[in-house]
Every structure is written in C-alpha cells, then in structure tokens.
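Worksheet for the structure shown next.
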Amino acid sequence: MKDDEHAAFERPRGRSRPRTKIRPRYEDAPQGMVVGVDRGRYTVAFDTRIVTAVKARILGRHAVVAGDYVRVMGDVSGQDGTLARIVDVAERTTQLRRTADDDDPYERIIIANADRMMIVAALADPPPRLGLIDRCLAAALAARIDALVVLTKTDLAAPDDMLSHLEPLHVPVLTMQHGHTPDDVHAAVAGRISVLVGHSGVGKSTLMNALVPDSQRTTGAVNPTSGRGRHTTTAVQGRMLPGGGWIFDTPGVRSFGLAHVSAEQIVDSFEDLSPLTSYCPRGCTHLESEPECALDTAVRAGTIAPERVAGLRRLLAGKYERS
Ligand SMILES: Nc1nc2c(ncn2[C@@H]2O[C@H](COP(=O)(O)OP(=O)(O)O)[C@@H](O)[C@H]2O)c(=O)[nH]1
Ligand SMILES: [Mg+2]
Ligand SMILES: [Zn+2]
C-alpha cells in the first residue's frame, strides 16, 4: 500500500470525528479491492483470495463501488458462508460516473480508481454507435482516465469509417483479431486498473476472457435472427490480470448520461485547443453556432485543423444529446 493511501485513511473524507483511544485501529485491518457488488454484498479481493463482505454501520451512507480499496474486519478467510465487514474506504484517485437517464434513474459511480478506459467498439454486429463512443470518451476525459478504443469484429467489416471518425479525437486505437489478442492490447492493460465500456454485444466479455483466461465471464450467445448478443452481464466485475493489474467488465450500456460532465472539462482535455479559447467572448460555448468563437478564427488563420475543432465540437454537442 502506498503512503498517500495511508494518509487518506488517517483522515477519511467527510468524517471529522477525532481519534480516540477506543476507536478501532482500522489501519491494521487488511486492505483489498472491491471487484463485485451485488445487492448490498461486496466481493473483496485480497490478491487471489475472495471475501464476501457487507458495509459496516460506521460507513453510513458512504458508497462502496467496484474498484474501491477497502479495509475489512471479521472473518476474512473467504470460506463459504462467511461474511466480513467493510470498515473503511480509501480516497479514490478517479471515479467514472454516468448520469441518470431513462434507462437507469440513478446517477452511478461505475468504477473507482480506474486509470484506463477501454472503449470497446465493434465494426459490425451490432453496428457501431459512434455517438456512444464519443460520450464514453468525454466521460473518460472528464474523469482524467486514459482512454483508448479497441476495435472488435474486424473480421466482419472494414475499419475505414470508424478510423476516420476517431482520427480527430487523437484517441489511441487498437485492433482485436478474432481469436487472438494482439500484444499491444495486453500492454495497454498491464499493471493498470482498466475498465471495459461499450454497447452490449461488442465483445467486452470476450476481450476480458482473452486477457484473463480463467475469468469465466459469460459471453452472449448471438441470436441468429436478430444478430444481437444476449445481455448476460449483469454487474461490474473485476479480475486480476495474470501479469499484474486489474480489469473490470461492465454490463453493456445503451446510453451514457453526461450531465455531470462540464463543457470546460471537455475543452480542457483538448490541450492543443483549450489555450485558444481564452480569446473567445465571455460565455462562448465553442459550438458551431457561436459567431465569434476563437476556434473558428484559428481555423481561418490555418493554425489548427478544422477536423480537430469539429472533433471537439462533436464531444461538446454529444453532452447535450440523449443516448
Ligand atoms: N465475429 C466476431 N465475433 C465476435 C468477436 N468478438 C466477440 N464476438 C462475439 O460477439 C458476441 C458478443 O460478445 P460478448 O463478449 O458477450 O459482448 P459484450 O456484450 O460486449 O460482453 C459473442 O457471441 C462473441 O463470440 C469478433 O472479433 N468477431
Ligand atoms: Mg458482456
Ligand atoms: Zn469559443
């Protein structure tokens, strides 16, 4: 465990109760990672040992989510029928959120502490949802999580349209081969805490199984008439990678609400463009409809590529769209 995590433990956020002699010494309690959440039960991994736990009363309404580093007391043997108690949650380095929408009325933290987002996108079957990819990317940029796109089902369609869509966003793109996981995909997750996101049926669980051979993740059988995969993944689930690091599979999302993401966060993540916006009129949204946006001035002057500005505007506009 790192020193700064210790420091985070000493002064848990949102709790100002002074230390007393009778306060239990939670720092001696073993620390694990939450790798699964199911109706108030948490699966906590200590290396390869898996413990089932519930939240201790002391945590009150403090949310515990996948990816959280937690301290656990009680029976941590991991034997069947045992139940431990989560007594502390370490401060999070990142949190990936999605806003409430029609599909899901609750705002959720999808995962804590992830430092890599793998946006999984199929070239066909299901057909690519470019808007959803944009919105996943915007959420990653806002949460300061490194994102990349993994193209799947490259055996079914050519990548040209997808690549030209992604090119202005400067997001790294990796390509899966059917039945084979290229080295750069392994390298992208090695030693990191990664989260797989994307529409249902794009091949997230297949990728998870390829990266963690014994992960026993259920992949959806393709319905021959609709061509769509069944929704077999019900909750976020993490696995330790053989070479170190963690990978979390998520249920397929149909939408990705971005109300919590500010336009400023998106603009800031375009490091080549954000300094230019200081020349914009006050309150400029930087959208295409703005008459005096400094980004247009820069395009006219030839200092930046119009495609790059269009890419930023697409992410900004996506923030206000549904789905
Ligand atoms: N043709 C083809 N099928 C794939 C590929 N990757 C995954 N699939 C299939 O697509 C279906 C959905 O995959 P799954 O991993 O469950 O998708 P998830 O919903 O994103 O987890 C399964 O039947 C997979 O076997 C691929 O690269 N090519
Ligand atoms: Mg799945
Ligand atoms: Zn502007």
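The values are calculated or read from the model by the stated rules, or taken from the named source; none is laboratory data. Just so it is clear, the structure is predicted and the values come from calculations on it, not from any experiment. Don't worry about glycine lacking a Cβ; one is built from the backbone with ideal geometry, like all the others, and counts go over all protein chains shown.
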Testing Asp214 on (1) surrounded by fewer than 19 Cβ atoms within 10 Å (Cβ to Cβ); (2) modelled with pLDDT of 85 or more, one condition comes back false. Which one is that? (2)
Would you confirm, using the coordinates I've provided, whether Thr303 is modelled with pLDDT of 90 or more, over 17 Å from the mean Cα position of the chain (by Cα) and surrounded by fewer than 16 Cβ atoms within 10 Å (Cβ to Cβ)? yes
Unmet requirement for Gln79, which otherwise passes all of (1) more than 17 Å from the chain's Cα centre (by Cα); (2) on the phi > 0 side of the Ramachandran plot: (2)
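Quick one: is Val89 at pLDDT 90 or above and buried (at least 21 other Cβ atoms within 10 Å of the Cβ)?
Details: at pLDDT 90 or above: yes; buried (at least 21 other Cβ atoms within 10 Å of the Cβ): yes.
Yes, satisfied.
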In region 254-296, which residue that is assigned to a helix (DSSP H, G or I) and either in contact with a Phe, Trp or Tyr (Cβ under 7 Å, 6 or more places away or on another chain) or in contact (Cβ under 8 Å) with a residue 24 or more places away in the chain (or both) is farthest from ligand 2 (Cβ to nearest atom)? Ala294
Every residue in region 226-238 that is surrounded by fewer than 22 Cβ atoms within 10 Å (Cβ to Cβ) and either modelled with pLDDT of 80 or more or away from ligand 1 (no atom under 14 Å from the Cβ) (or both), please. Ala235
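Give Ala84, Ala140 a once-over and let me know the one that is surrounded by 17 or more Cβ atoms within 10 Å (Cβ to Cβ) and within 25 Å of Arg192 (Cβ to Cβ).
Residue meeting the stated conditions: Ala140.
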Single unsatisfied condition, Arg23 versus (1) buried (at least 17 other Cβ atoms within 10 Å of the Cβ); (2) at pLDDT below 90: (1)
Tell me yes or no: at least one residue of region 187-194 is away from ligand 1 (no atom under 16 Å from the Cβ), over 25 Å from Ile109 (Cα atoms) and at pLDDT 95 or above. yes
Hits in region 160-180 - residues which are surrounded by 17 or more Cβ atoms within 10 Å (Cβ to Cβ) and in a loop (DSSP other than H, G, I, E, B): Val171, Met176
Enumeration of residues in region 69-81 that are surrounded by fewer than 17 Cβ atoms within 10 Å (Cβ to Cβ) and either of a type in the set (Asp, Glu) or within 20 Å of Arg25 (Cβ to Cβ) (or both): Gly74, Asp75, Asp80
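Does Gly318 satisfy the condition of being modelled with pLDDT of 90 or more, under 30 Å from Ile193 (Cα atoms) and either acidic (Asp, Glu) or not in a loop (DSSP other than H, G, I, E, B) (or both)? First the steps, then the outcome.
Details: modelled with pLDDT of 90 or more: no; under 30 Å from Ile193 (Cα atoms): yes; either acidic (Asp, Glu) or not in a loop (DSSP other than H, G, I, E, B) (or both): yes.
The answer is no for Gly318.
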Taking the options Ala66, Ala124, Ala114, name whichever one is in a loop (DSSP other than H, G, I, E, B) and either without any contact (Cβ under 8 Å) to a residue 12 or more places away in the chain or surrounded by fewer than 19 Cβ atoms within 10 Å (Cβ to Cβ) (or both). Ala124
Quick one: would you say Arg71 is in a strand (DSSP E or B) and either within 15 Å of Ala114 (Cα to Cα) or more than 24 Å from the chain's Cα centre (by Cα) (or both)? no
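Evaluate the following for Ser269: is it of a type outside the set (D, E, K, R) and modelled with pLDDT under 90? Quick ask: steps written out before the conclusion?
On the way: of a type outside the set (D, E, K, R): yes; modelled with pLDDT under 90: no.
The answer is no for Ser269.
Consider region 253-264. How many of its residues are buried (at least 22 other Cβ atoms within 10 Å of the Cβ) and small (Gly, Ala, Ser)?
Within region 253-264, residues that are buried (at least 22 other Cβ atoms within 10 Å of the Cβ) and small (Gly, Ala, Ser) number 1.
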